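Engineer: Below are the structure tokens for one structure; questions will follow.
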Amino acid sequence: MLDEKYISQLVESVIKNISSDNALAPGKNQLGVFDTMEEALEAVKKAYKLYRGYSVEQREKMISNIRRLTLEEAEVMARMGVEETGMGRVSDKIIKHQLVANKTPGTEDLRPQVMTGDQGLTLVEMAPYGIIGSITPSTNPSETVICNSMGMIAGGNAVVFNPHPNACKVANYAVDLVNRAIREAGGPDNLVVSVKKPTMDTSKMMMECPDVKMLVATGGPGVVKTLLSSGKKAIGAGAGNPPVIVDDTADIKKAAIDIVNGSSFDNNLPCIAEKECFAFDSIADELIDNMTKNGAYLIKGDMIDKLVKVALVEKDGKFSINKKWVGKDAGLFLRELGINADPRLIICETKENHPFVQVEMMMPILPIVRVSNIDEAIEMAVKAEHGCRHSAHIHSKNVDRLTAFARAVETTIFVKNAPSYAGIGAGGEGYTTFTIAGPTGEGITAAHSFTRQRRCVMADGLHIV
Ligand code: NAD
């Protein structure tokens, strides 16, 4: 016999599930989203077989449908992402989706090479890897699924995603969107798949499946290390802690506005966002003044210590992030300090060794460290970047200093005199990606990163000259 308490718990949980499903999904059955990883892998294998027969023109039609649906549903996904993860800003997440839709390359990114000479003609073409396993983060969940899907499909691949468990509803919404776009273009069902409830076990199964030929990880150091130890071809897009330098030749007002905009974008969730600032002592007051006039709120003294206790966790003298506070609005932090204000960004002056400088926080809090010259600035910035080779930024008009910093920091993205997001094509030239592969060197990943080279040689001379 079932007791009353059990039945009421059961009813409550069913209602909760139904209402959250309805709030987050267009229909009950999302295309490409399976109960188990076994089913997902079976389905994607069938889809990939069919996809081998599709033309480049058909690939492009699917991609253009993905662009359109992403633009149409950008706001839905932005709201869903904030609702599910409790992180970021809806307005900024809309921009991120628009960026993915408009600036992720398609098949035009695949550039074959031709070599001709006395000994004939050789052709190098970019071929698919096959089925790619992709692990995606909680910070850009649907953006990464869509961006990866476009690049991987453009390269002729199929994809199996294991999204971050805390962001899997919105990630799976994106998987469904991609499949709807593919179906509408006459493409195969389940070319992009995922699981309803991703776990470490589903991730392991995906990584170990012999049919999965390439692995792509977008996330922190743990997942990149795991993938690189898999024995398979792997692309690792790992953590960063981007510094920004402001020297005495910069346009200080512009630098202040750019840094506030870049550092507060989506509440500092993007891995490329300015996370600590090194400012020449001679311009630091002017910089701070301009920042506070343009969306930043300055805190001082014991307020900084209080904020450390909110944002970070200390264990044996080592600091790490308090996960509950990642990507929260600046106003929520200030309320914890008893301050009623709602700025985009909190700024404070600290020393170089302060945990706000050294820890990748992903919170709208920017520490500013005064430096006396460029050598000191570069030394501190390189140290704070921790060798991630991810992103670094500078505001300066002195070419020698720009070059010296770029050489010393060796990052994949280096932005001069603009907000950090210019580095992924928002207000800067170049295409976008949400998988920036510093550790494995593919850099700003796109379709070509998800292909393998194949050479075809014809030795009996096919020439027109
Ligand atoms: P996270 O590392 O917690 O999770 C990322 C993904 O990896 C998730 O799907 C998670 O489930 C999985 N994962 C984590 N540890 C794993 C392990 N040992 N084995 C297998 N899977 C594992 O990261 P997050 O909090 O979602 O995202 C923020 C981090 O990602 C930051 O460090 C940020 O810099 C980085 N990031 C990098 C890029 C880039 O392009 N380089 C882009 C976005 C985020």
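The values are calculated or read from the model by the stated rules, or taken from the named source; none is laboratory data. Because the structure is predicted, anything quoted here is derived from the model rather than measured. Cβ sites come from the backbone with ideal geometry, for glycine too, and all protein chains shown count toward neighbours.
Engineer: Restricting to segment 40-51, what's the tally of residues that are in contact (Cβ under 8 Å) with a residue 60 or more places away in the chain and among the charged types (D, E, K, R)?
Structural biologist: 2
Engineer: Let me ask something else. Right, Thr139: assigned to a loop (DSSP other than H, G, I, E, B) and either in contact (Cβ under 8 Å) with a residue 40 or more places away in the chain or within 15 Å of the ligand (Cβ to nearest atom) (or both) or not?
Structural biologist: yes
Engineer: Quick one: which residue in Gly423, Gly427 is at pLDDT 95 or above, surrounded by fewer than 17 Cβ atoms within 10 Å (Cβ to Cβ), under 30 Å from Gln98 (Cβ atoms) and not aromatic (Phe, Trp, Tyr)?
Structural biologist: Of Gly423, Gly427, the one residue that is at pLDDT 95 or above, surrounded by fewer than 17 Cβ atoms within 10 Å (Cβ to Cβ), under 30 Å from Gln98 (Cβ atoms) and not aromatic (Phe, Trp, Tyr) is Gly427.
Engineer: If you scan segment 144-160, which residues turn out to be assigned to a helix (DSSP H, G or I) and either surrounded by fewer than 24 Cβ atoms within 10 Å (Cβ to Cβ) or near the ligand (Cβ under 9 Å from one of its atoms) (or both)?
Structural biologist: Thr144
Engineer: Among the listed residues Pro128, Pro163, which satisfies the condition of being surrounded by 19 or more Cβ atoms within 10 Å (Cβ to Cβ) and either within 16 Å of the ligand (Cβ to nearest atom) or free of Cβ contacts under 8 Å to residues at least 40 places away in the same chain (or both)?
Structural biologist: When all the criteria are applied, what remains is Pro163.
Engineer: Something else now. Go through segment 323-352 and give me each residue that's buried (at least 16 other Cβ atoms within 10 Å of the Cβ) and within 16 Å of the ligand (Cβ to nearest atom).
Structural biologist: Trp325, Val326, Gly327, Lys328
Here's the yes/no breakdown for (1) farther than 25 Å from Asn241 by Cα; (2) out of contact with any strand residue (DSSP E or B) (no Cβ under 9 Å at 6 or more places or on another chain); (3) among the acidic types (Asp, Glu):
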| position | (1), (2), (3) |
| --- | --- |
| Met115 | yes, no, no |
| Glu143 | no, yes, yes |
| Met150 | yes, yes, no |
| Val160 | yes, no, no |
| Leu177 | yes, yes, no |
| Val193 | yes, no, no |
| Asp211 | yes, no, yes |
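Engineer: Is it true that some residue in segment 88-109 is part of a loop (DSSP other than H, G, I, E, B), of a type in the set (A, V, I, L, M) and either touching a residue at least 24 places away in the same chain (Cβ under 8 Å) or touching a Phe, Trp or Tyr at 6+ places or on another chain (Cβ under 7 Å) (or both)? Working first, answer last.
Structural biologist: First, the residues of segment 88-109 that are part of a loop (DSSP other than H, G, I, E, B): 88-89, 104-106.
Filter again for of a type in the set (A, V, I, L, M), leaving none.
No, every residue in segment 88-109 fails to be part of a loop (DSSP other than H, G, I, E, B), of a type in the set (A, V, I, L, M) and either touching a residue at least 24 places away in the same chain (Cβ under 8 Å) or touching a Phe, Trp or Tyr at 6+ places or on another chain (Cβ under 7 Å) (or both).
Engineer: With the requirement that a residue be within 20 Å of the chain's Cα centre (by Cα) and either of a type in the set (Lys, Arg) or surrounded by 14 or more Cβ atoms within 10 Å (Cβ to Cβ) (or both), what does segment 387-400 give you?
Structural biologist: Matches in segment 387-400: Cys388, Arg389, His390, Ser391, Ala392, His393.
Engineer: Which of the residues spanning segment 241-266 are among the acidic types (Asp, Glu) and either modelled with pLDDT under 95 or closer than 14 Å to Glu286 by Cα (or both)?
Structural biologist: Listed by number, the residues that qualify are Asp247, Asp248, Asp251.
Engineer: Sticking with this one: Tell me which of these Ile283 doesn't satisfy, since it passes every other one: (1) within 13 Å of Ala377 (Cα to Cα); (2) surrounded by fewer than 24 Cβ atoms within 10 Å (Cβ to Cβ).
Structural biologist: Going through the list (1) within 13 Å of Ala377 (Cα to Cα); (2) surrounded by fewer than 24 Cβ atoms within 10 Å (Cβ to Cβ), Ile283 breaks only (1).
Engineer: Output the qualifying pairs, or none if there are none: Cβ atoms under 7 angstrom, residues six or more apart or on different chains, first residue in segment 198-214 and free of Cβ contacts under 8 Å to residues at least 60 places away in the same chain and on the phi < 0 side of the Ramachandran plot, second residue part of a helix (DSSP H, G or I) and within 14 Å of the ligand (Cβ to nearest atom).
Structural biologist: Correct list of pairs: Pro198/Pro165; Pro198/Cys168; Thr199/Pro165.
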